[in-house]
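The values are calculated or read from the model by the stated rules, or taken from the named source; none is laboratory data. This structure is a prediction, so every number in the text was calculated from the model and none was measured. Note that each Cβ is placed from the backbone with ideal geometry, even for glycine, and that neighbours are counted across all protein chains shown.
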Amino acid sequence: MTILSARQKLQHFMSVQSENSDLLKAQYRAFTRQMPMMYFILLSSTWALAITHMQFAPLWLTVAMPALFTAGCMLRVMFWWRTRGIDPKPDVAHAALVRANRLAIGIATIFTAWSFLLVPYGNAYTQSHVAFYMAITVISCIFCLMYVRSAAFIVALIVNGAFVVFFVASKQPTFIAIAINVLLVCAGMMSILMTNYRNFERMVVSQQRTQALSNENLQLANIDSLTDLPNRRAFFAHLEAELEKAKVEGTRLALGVIDLDGFKPVNDLYGHSVGDRLLVKVSSRLATALKASRAFRLGGDEFAIVAPIVPEDEQLVANANAISEQLRAPYHMPEGTVHVSASMGIAVFPNLASTLEQLFDRADYALYHAKKTRRGGAVLFDAEHEKQINIEARIEHLLKQADLENELSVVFQPIVDVCCQKTVGFEALARWSNPTLGHVSPAQFFSIAERAGIVGSLTRPLLKKALACALKWEEHLRFSFNLSAHDLNSCEGVLSLIGIIENSGFDARRLDLEITETAFAHDFEQVKQSVEVLRRLGCGISLDDFGTGYSSLTRLHALPLTKIKVDRSFVTGLHERPASYKIVKSLLTLSRDMGLECVVEGVETPEELAALAGLGGTLVQGYVYSPPLREEDVGEFLSRKSIDIAVTGHQ
Ligand code: C2E
Ligand code: CA
Ligand code: CA
């Protein structure tokens with residue numbers, strides 16, 4: 001090591017480094033914590049030395065000077081005490097540490113000088129006390145200044161330098177020995193201090209890295225990696241913060257929940273990579289369509305908008321529809337032009353929604369209605385929806401408590417072959433009559449049971465009852481039974497159905513299980529597997545409400561279907577509505593091409609029936625032949641010589 005580099009090194013140790021602001025702050029904090037202790041040691045040792053010298057030395061040395069030191073130290077401690085809780089800025093911390101360095105020079109010099117001034121007074125005992133005082137105090141102070149290395153060096157250098165020179169110069173062997181001893185101990189301590197300080201430095205740097213990493217993780221945890229929009233987690237945090245703000249400021253807050261229509265077919269038809277790129281395009285369109293609001297991706301093809309500035313309801317819906325409009329414009333991809341639309345449900349705080357959960361649930365409820373009634377448009381949650389929610393909650397409550405074995409019953413609607421005017425089978429339809437609610441529509445209580453996850457407890461008793469009736473029928477009659485998505489999305493559910501079918505003694509090959517397209521929307525693979533198991537058992541599989549579920553043909557093709565049932569909505573006014581006529585025509589052609597039987601549902605009038613027959617439709621179900629019948633009326637219906645085309649009373 002050259003002399004220059006040794007000097008540079010010394011300079012480095014004795015000055016406050018300012019490159020790392022976190023290190024500066026950590027030093028500052030450690031120093032402020034240990035400062036009072038340092039002054040306490042310094043003053044208590046000083047007063048101890050002053051007291052042993054009182055009878056020998058003049059008062060200005062034994063009382064006045066220690067009192068002055070005490071006052072000075074107290075002032076310093078008070079200053080630090082006041083600023084102790086403050087998280088300093090790097091430049092403030094740097095300035096404070098530089099000041100501490102300078103003060104270390106002053107304090108070390110003054111206290112050393114004072115100690116030496118006491119030496120000429122007193123005897124060998126008191127002189128030994130001075131040596132002890134200096135040695136012990138400097139060691140303690142170095143310890144307290146451990147994290148301000150420069151100040152520790154300054155103190156060690158000044159006090160020990162003077163100490164060694166002074167006591168070696170005394171030529172007293174004991175003092176010389178003490179001086180050498182103190183010098184060696186201090187050198188050892190300084191080396192420990194250096195190691196300690198390096199560890200401290202490393203600890204701060206590693207904390208910095210950890211912090212940076214966790215900041216990065218936090219950022220990643222809140223961003224959707226595909227679209228770069230803030231994700232579901234960020235959404236809830238943002239919504240919560242905005243809601244609190246709106247509560248405090250008494251302002252309105254709107255939440256829009258968006259679900260893309262027709263996204264799944266795009267995924268199926270073009271593959272996931274196109275689906276992903278479409279989501280990226282939708283996200284960027286959504287983000288640019290917004291001004292003060294923020295967009296989030298909640299997952300899949302679901303997005304959300306949080307709008308802190310909310311116009312009047314009418315304008316709000318108009319704005320939302322404008323966004324849906326922009327999202328509906330065609331997406332040009334290298335693979336082809338893709339069309340999707342965006343349905344949106346909106347809820348506004350504080351109107352009809354006062355908590356985060358309520359706001360989200362109600363926007364979701366409005367979305368559900370948008371999907372059903374205003375596909376590709378926006379629906380605002382309103383008082384009517386609230387009323388509906390209350391009714392549904394009541395139904396759910398009573399459904400959970402109901403004696404289902406007794407309250408549920410089954411009616412049967414004939415399916416007729418129009419060519420030979422013969423009944424070919426019956427569809428079982430559930431009826432629920434509750435002591436409090438009276439008759440509840442199956443469409444309503446099944447959708448509630450689906451949402452509440454209790455549909456299995458309805459399906460099982462219904463299937464048992466229906467099979468017990470069907471067992472009495474002639475063997476050429478088929479029997480259809482409706483299943484819900486929840487009946488099929490678990491292995492246990494399917495196994496219990498198989499158990500019921502096998503125990504009933506009814507030939508599974510005469511059974512058609514009806515499933516709607518929406519059943520496949522949840523977990524396509526699981527539902528497909530369940531359907532395959534049932535198909536292997538011999539059951540037929542009918543796709544119910546065909547045409548309403550927007551499923552892609554590729555998907556449907558993957559299923560072992562035996563029949564499709566054309567939804568009633570296409571049949572109403574078939575003979576006078578060209579659009580319906582065309583749809584039914586193409587659905588009939590499609591089913592023929594796919595080699596599937598086709599039942600047309602909800603045929604109410606002879607005119608509709610005639611139009612249908614003209615299109616080649618053979619299997620018909622509807623009021624035109626019969627409403628659903630009670631079990632005891634089935635026999636009578638079958639015993640008729642010919643099936644009248646007449647509308648009788650409904651069950
Ligand atoms: P779905 O399976 O499409 O049943 C056909 C519905 O259309 C029945 O309504 C039936 O009564 C009605 N319908 C039949 N012909 C005509 C007609 O000519 N005109 C009109 N306007 N309607 C006709 P229902 O019995 O009220 O059942 C409604 C829905 O409830 C069913 O629709 C089905 O989705 C569900 N459902 C009924 N029973 C069950 C069941 O046991 N299990 C499951 N999972 N769902 C069921
Ligand atoms: Ca059905
Ligand atoms: Ca149907």
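Points to keep in mind about this one:
- Flag if Val584 is within 47 Å of the chain's Cα centre (by Cα), outside any loop (DSSP other than H, G, I, E, B), modelled with pLDDT of 95 or more and on the phi < 0 side of the Ramachandran plot: no
- Count of region 329-357 residues which are in a helix (DSSP H, G or I) and buried (at least 16 other Cβ atoms within 10 Å of the Cβ): 1
- All of (1) in contact with a strand residue (DSSP E or B) (Cβ under 9 Å, 6 or more places away or on another chain); (2) more than 18 Å from Thr562 (Cβ to Cβ); (3) hydrophobic (A, V, I, L, M, F, W, C) hold for Ile454 with one exception: (1).
- Among residues of region 449-475 being aliphatic (A, V, I, L, M) and crowded, with 20+ Cβ neighbours inside 10 Å, the one that is nearest to Ile389 (Cα to Cα) is Ala449.
- Checking region 259-269 against the condition returns a match, with at least one residue being closer than 15 Å to Phe360 by Cβ and under 22 Å from the mean Cα position of the chain (by Cα).
- The residues in region 503-526 that are aliphatic (A, V, I, L, M), modelled with pLDDT under 90 and either surrounded by 17 or more Cβ atoms within 10 Å (Cβ to Cβ) or under 12 Å from Leu537 (Cβ atoms) (or both) can be counted, and the count is 1.
- Scanning region 485-516 for residues that are within 11 Å of ligand 2 (Cβ to nearest atom) and either not aliphatic (A, V, I, L, M) or not assigned by TED's automatic domain parsing to the domain that holds Val424 (or both) turns up Asp512, Glu514, Thr516.
- Flag if Thr572 is assigned to a helix (DSSP H, G or I) and either modelled with pLDDT under 95 or within 16 Å of ligand 2 (Cβ to nearest atom) (or both): no
- Candidates Ile448, Ile454, Ile391, Ile395: the one that is assigned to a loop (DSSP other than H, G, I, E, B), away from ligand 2 (no atom under 15 Å from the Cβ), farther than 18 Å from Arg630 by Cα and aliphatic (A, V, I, L, M) is Ile454.
- Breaking point among (1) surrounded by 14 or more Cβ atoms within 10 Å (Cβ to Cβ); (2) over 57 Å from the mean Cα position of the chain (by Cα), for Phe153: (2)
- Flag for Gly622 being part of a loop (DSSP other than H, G, I, E, B), more than 14 Å from ligand 3 (Cβ to nearest atom) and surrounded by 21 or more Cβ atoms within 10 Å (Cβ to Cβ): no
- Any hit, region 477-491, residues being closer than 14 Å to Leu408 by Cα and near ligand 1 (Cβ under 8 Å from one of its atoms): no
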